[in-house]
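> Quick one: the structure is below, questions incoming.
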């Protein structure tokens, strides 16, 4: 693997073990992971540690919630990327419509039986919004809706047509398909702060956020390249660059790594602008900037360690780990 440099220090949450244990129980109870092959693959990915690396300051209950969000997002991503569900737009539209309904009007608990992916989202949303403001909830819902729409419409259309998106289109859409805006929003839940809306809308904050999101997404693309190539997946910046610039794979990897370094520099410049421009707001803004830093570093550390993208992990075919019951459909 290439050497991707990151200037931020390593940090890990002390409640990692508790998050792992909780995640095993929660995914089983929610019906997201049932079969033995799916459980084995899920546990090798180690989403509990991922949450601990990117949210190192979270309290034990907040870390459990973050780990649960990761499980939900990654398992949904597998359904969309690896299986037939991601090529059935009418069924995807139905399920994502149910997700939007849950976010708009969370059902009381306990409620009527729901597909596991919907019931789990309902549980996550109730726990996440217990102390969230109206402004934050609206922003988060908008980001999650964009994530779902982009993944189920834009990506699915490309797969069905066999088309490779342009670099510009891919970069713009990748921050949504990777749900990284959603994950950055969750920094505020973990830290118990909210970025003041006037600051959130400034060019400096948007530049910092987009650069941090790009770093996370592109690092993921570098480390997941073998897995996605084996599945014929073209939604990967290395493969997009390779296709459009007619590079060989090592050249494309080198180009993406250089782009990651450039985005890190853009982030640091934007962060510096924010610190100098809003010194009186650092009590709320500072923890969010620190959270972006730990997201960039923690994602890199997890990507280097996880078995989710290793050759042994890829030996499992999608039919062994995708569970139709999770989506409430037969696949």
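> Which residues, counting only those in region 170-195, are touching a helix residue (DSSP H, G or I) at 6+ places or on another chain (Cβ under 6 Å) and either in a loop (DSSP other than H, G, I, E, B) or at positive phi (or both)?
Answer for region 170-195, where residues must be touching a helix residue (DSSP H, G or I) at 6+ places or on another chain (Cβ under 6 Å) and either in a loop (DSSP other than H, G, I, E, B) or at positive phi (or both): 178, 179, 193, 194, 195.
> Sticking with this structure for a sec: How about region 43-71: which of its residues are more than 24 Å from residue 8 (Cβ to Cβ) and crowded, with 22+ Cβ neighbours inside 10 Å?
Residues satisfying the conditions are 64, 68, 71.
> Report whether or not residue 144 is closer than 27 Å to residue 32 by Cβ and either modelled with pLDDT of 95 or more or assigned to a helix (DSSP H, G or I) (or both).
The answer is yes for residue 144.
> Hey, among the residues in region 229-248 that are touching a residue at least 24 places away in the same chain (Cβ under 8 Å) and in a helix (DSSP H, G or I), which one's farthest from residue 173 (Cα to Cα)?
230
> Is it fair to say residue 167 is closer than 23 Å to residue 252 by Cα and in contact (Cβ under 8 Å) with a residue 24 or more places away in the chain?
yes
> Among residues belonging to region 210-228 that are more than 20 Å from residue 184 (Cα to Cα) and modelled with pLDDT of 90 or more, point out the one that is surrounded by the fewest Cβ atoms within 10 Å (Cβ to Cβ).
226
> To continue, here is another question. Restricting attention to region 22-60, report how many residues are in contact (Cβ under 8 Å) with a residue 12 or more places away in the chain, closer than 18 Å to residue 123 by Cβ and either touching a strand residue (DSSP E or B) at 6+ places or on another chain (Cβ under 9 Å) or not in a loop (DSSP other than H, G, I, E, B) (or both).
Residues that pass the stated criteria total 10.
> Can you work out which of the residues in region 149-172 that are closer than 27 Å to residue 288 by Cα and surrounded by 20 or more Cβ atoms within 10 Å (Cβ to Cβ) is nearest to the chain's Cα centre (by Cα)?
Restricting to residues being closer than 27 Å to residue 288 by Cα and surrounded by 20 or more Cβ atoms within 10 Å (Cβ to Cβ), the top hit is 151.
> Just one of 97, 119 is in a helix (DSSP H, G or I), modelled with pLDDT under 90 and either more than 20 Å from residue 181 (Cβ to Cβ) or in contact with a helix residue (DSSP H, G or I) (Cβ under 7 Å, 6 or more places away or on another chain) (or both); which is it?
Going through 97, 119 in turn, the sole match is 97.
The values are calculated or read from the model by the stated rules, or taken from the named source; none is laboratory data. Nothing here was measured: the structure is a model prediction, and the numbers come from that model. A quick note on method: Cβ atoms are made from the backbone with ideal geometry, for glycine too, and the neighbour counts reach across all protein chains shown.
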